[in-house]
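Only one structure is covered here, and it is reproduced in the block below.
Nothing in this text is a laboratory measurement; each read-out follows from the coordinates by a stated rule. As the structure is a computational prediction, the values presented were derived from the model and not from experiment. Please note: Cβ atoms are built from the backbone with ideal geometry, for glycine as well, and neighbour counts cover all protein chains shown.
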Amino acid sequence: MTHWRLLLILLWLVIIPTSYSQPHHPVPPQTSKISKLSIANVVAHTPENCAVVSLTKAYQALGIELEFIVLPSKRSIIASNNGLLDGETARIAGIEKKYPNLIPIPVAICRMETVAVSKQTIKFKQIEDLTQYKMGIKNGALLHQKLFKGVEYKPFVYNKQLINAVRKKQIDLAIMTKSKAESLINQYGYSQLTIQQPVLATTYLYHYLNKKHQHLVQKLTSELKKLEASGFIEQAMRNHQD
């Protein structure tokens with residue numbers, strides 16, 4: 001992506017309200033030969049990111065290079081829906097109901113496991129058993145917040161702050177993805193922290209393209225299904241690191 005286009009997108013995202021989700025006019029389909037796509041990503045991806053690994057492989061088979069643009073979650077999806085970006089790296093199923101210019105590719109490319117992290121082992125069978133504990137959840141983690149809807153929790157800006165609050169006994173439980181918990185525990189040597197079992201919820205994520213690229217949907221779906229059948233996507237999920 002050229003610098004001027006990226007600056008234009010960032011300027012547009014600053015000016016436009018985040019509640020605005022649909023373009024003023026339909027996005028025209030693009031049928032000319034495509035060599036590169038700019039895909040929105042809500043996190044700075046690592047080489048082990050399951051979505052990045054599988055999408056890069058699938059698009060390479062189509063002769064298309066990917067550029068991943070990191071943006072805040074809400075502004076990212078608005079830019080993709082309005083056609084300023086070409087699509088979303090990985091999102092939960094069903095977002096096309098709210099953002100109709102986005103087409104889901106019906107092959108799961110990532111698996112997000114939600115867990116609770118604490119300093120001591122906690123025995124529980126269901127989520128309701130955890131509501132007696134003081135917990136924290138990262139701002140913007142809508143899936144985690146939905147799991148504990150109606151339950152009081154302390155919000156945090158960053159996952160590192162969240163997990164440090166457990167270490168300092170400011171909260172009993174940190175609710176986050178298993179991959180992020182493992183990454184933080186390994187990175188900072190937090191061996192005194194425990195990832196509780198069982199997993200609280202498992203959510204699968206899907207790639208979305210702006211409908212101006214609808215001519216790519218069938219071919220891309222076919223390539224991803226090949227990767228799924230070969231076990232490539234499952235291996236990418238197992239190797240995933242935030």
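Alpha-carbon geometry of the range 112-201: the Rg and the Dmax are 11.6, 33 Å, given in that order. Candidate cross-link partners of Lys98 among the lysines, defined by an alpha-carbon separation under 27 Å and a same-chain spacing of 8 or more, comprise Lys36, Lys74, Lys138, Lys146, Lys149, Lys211, Lys212, Lys219, Lys225. With distances taken between every two different alpha-carbon atoms, the range 61-167 has a Kirkwood hydrodynamic radius of 16.8 Å. Just so you know, the Rg over Rh for the range 142-242 is 1.08, from Cα atoms, with Rh as the Kirkwood radius.
Computed about its Cα centre, the charge dipole of the range 31-101 is approximately 220 debye, with only Lys, Arg, Asp and Glu carrying charge at their Cβ.
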